[in-house]
1. Using the Cα atoms as the points, what is the convex hull volume per residue of segment 369-511 in Å³?
2. Check every DSSP H run in the chain and write down those whose alpha carbon atoms cover 27 angstrom or more along the long axis and whose mean Kyte-Doolittle hydropathy is -0.5 or greater.
3. Excluding Arg383 itself, what net charge comes from residues whose Cβ is under 15 Å from its Cβ, given Lys and Arg +1 and Asp and Glu -1?
4. Please give the FRET efficiency for Ile157 paired with Gln650, using the beta carbon to beta carbon distance and R0 = 25 Å, rounded to the nearest 0.05.
5. Could you tell me the distance between the Cα centroids of segment 355-431 and segment 95-114, to the nearest Å?
6. Once phi is turned into ³J(HN,Hα) by the Karplus curve 6.51 cos²θ - 1.76 cosθ + 1.60 with θ = phi - 60°, what whole-Hz value does each residue of segment 213-223 show in order, with x for glycine and proline?
7. Using a ≥ b ≥ c from the Cα gyration tensor of segment 639-719 (square roots of the eigenvalues), is it rounded, prolate or oblate, where a/c under 1.5 gives rounded and otherwise the larger of a/b and b/c decides, a/b for prolate?
8. Work out the charge dipole of the chain with +1 on the Cβ of Lys and Arg and -1 on the Cβ of Asp and Glu about the Cα centre, then indicate which of His609, Tyr480, Gly140 is farthest towards its positive end.
Amino acid sequence: MKKKTVAFVLLACLFFTAAFAEDGYRLWLRYDRIPNGQMLAAYRSRIGSVAVLGQSPTLSVAGDELVKGLSGLLGIRQTTGATIGEHSIVIGTIAAPAIGGTGIETRGLGEEGFLIAFRKIAGKQCLIITGNTDKGVLYGSFYFLQQLQQQKNFASIPVASSPKLQLRVLNHWDNMNRSVERGYAGFSLWKWHLLPGYIDQRYIDYARANASIGINGTVVNNVNANALMLTKEYLVKVKALADVFRPYGIRLYLSAKFSAPIEIGRLKTADPLDPEVRDWWKKKIDEIYSYVPDFGGLLVKANSEGQPGPQNYRRTHADGANMLAEALAPHNGIVMWRAFVYSNEVPVDRTKQSYNEFKPFDGQFRNNVLVQVKNGPLDFQPREPFHPLFGAMPKTPLMMEFQLTQEYLGQGTQLVYEAPLMKEVLDADTYAYGKGSTVARVIDGSADRHTLTGIAGVSNIGDDRNWCGHPFAQANWYAYGKLAWDHNRSSEQIADEWIRMTFSNDPSFVGPVKQMMLSSRETMVHYMTPVGLHHIMGDGHHYGPSPWSDKLGRADWNPVYYHKADSLGLGFARNSKGTNALEQYAPEVRKIYEDLSDCPEEYLLWFHHVGWNYRMRSGRTLWNELCFRYYQGVEEVRAMQQLWNQTKSQVDEERFNHVRMLLSVQEKEAVWWRNACLLYFATFSKKPIPTDYAQPEHTLDYYKSLRFQFVPGNGNNGN
Ligand code: BDP
């Protein structure tokens, strides 16, 4: 070959690899050609042009998505139009005469549900995707494409589906300087300094990804809020984002700083009962709606971790929330008032505080207030029992808050599929209204007949090319959306479809990878916080183990407060012999955990202080069980590495290597967790790590000496 030709070929190869590099940007919306010839032929024989009946930005988005998806998946080149032909995919609301005229039934689908069915229109066999609103049609279109991506046949059609929860929201803990509190995937997506003039393509792709999994709201700024977000300067920017999100069915919400009337309104007080303050909020909220007519409402963190709130003025959470709710009500806006509070006095047991502060106000919130409650009573730990407020406030709609970003779950380096964690909480029985009053039924309103319902996920999204940092962290965004839509779905079903769409439909790939995902959360619990341990992470940044920490300003920020290791044993007694945090639950729940001998062992050290020689169900002593679990966790990570290595030929090089390297970091971190924790707890148990285990390669002093200066997601919030 001549030199020039060689150079050309090389260049062409480079271009080819660059253009088709699998960098994860496309998430689960890849739409690559279906490699299965038979399947492809079957689809092609039954799918023709896309006919969009009606006109709206949302319908256009749905039509364009179908065209994009079908041309990618099936290689069908087409454009959208309104002409219906044989095998057309006809999309539109039930109000479109051609669709309504088929006699298809959409009552019962609500505002966002969809229906997909085969019907004849004017003698032509069509596939109809419809709903009562454009949003329903959009969700149905995505659903249909997902079926093709997973190479499902049409046996499941007709299919109807509508969401179990109304507000399915992401909470971005994004600061205005683009740092992200507890973010491990780069900087914030929102380029405030370039808005409103420059609309980054990522805003659109973000909205599209959310719509594809049914997320219909986003709070774009940190709960540790900066009041400047509510100034005109920023509201114009906020409007630009809301305009991008709107066609995708996503409403924009803001976190509000309670002291905003002082900080940006120049008032002397932010007392919620002060007429001037109330008037200021009313005008401010009217102003927000003048920019964003479908603004969703406000999220508030008040009197928590130093944030201002109504208690600064001897007013209550209800006073604060209701003031905002009253101003939002005329616009159909809502308040999401967070229950993550703990008081300034050092408490007997921090896990009791949120219940103690909120329960008395049940029934006192306006009807457009939801109280947003973290999944557990402490703080997004690898494992916590469900929050006792679920089921304890029958007159108040409670909104679930999950943390997708992995603050306490290995941050940016560890593969942890969170659906099993979410399901564990959603499926937990509160017994508040008799057996079967699960947390899911409390938040979806079916247990206590609320009509306003919602769920929030603290976002794990940043400007990393693949959105979430760890390639598998995308699965947590996906699973959150899918569970928010339907909490009855299983972790396994969701993992299955995510793997198929994100990686491959090959069963020899799907099976092992699914197994790895499904066990990953328990694996992390084993090497981090087994048997009910909690909050033993590094100070402030929460990276890595630090069970010895005892120097932080508040007792209940220190790991030693939580594990209470002493010469007798380990664990926090929260039963009636201890802080009696258990009394906040229904009697049936109390009964499960009250006695040491009955208590499920995964919660043992959450509820009990247990002697080192206590016999566990395995027959091992507590000390030996701890050793067993920590070592087991590390072995399980090694098994994950092996599983992943076997997939080499089935995954593109880029993502294969990305995951391979992160798993190797995870293995090192798991060993670090295991060694640091066991060496430390051994100073209390006075027992050795059994000799049949490989002994730690460093001393406890070494682990204690480790310092980490610039852990992502920590501090620098510019507030
Ligand atoms: C804690 C985080 C902190 C958040 C807080 C919250 O460490 O960064 O501000 O939760 O939820 O877990 O408000």
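Only the coordinates and a few stated rules stand behind these numbers; no lab work does. As the structure is a computational prediction, the values presented were derived from the model and not from experiment. Note that we place each Cβ from the backbone using ideal geometry, even for glycine, and neighbour counts take in every protein chain shown.
1. Convex hull volume per residue, Cα atoms: 113 Å³.
2. Answer set is 507-528, 653-685.
3. -4
4. 0.25
5. With segment 355-431 and segment 95-114 each reduced to a Cα centre, they are spaced 35 Å.
6. Listing the rounded values in order: 10, x, 6, 10, x, 8, 9, 8, 10, 4, 5 Hz.
7. Oblate, because a/c is 1.5 or more while a/b does not exceed b/c.
8. Of the candidates, Gly140 comes out farthest on the positive side.
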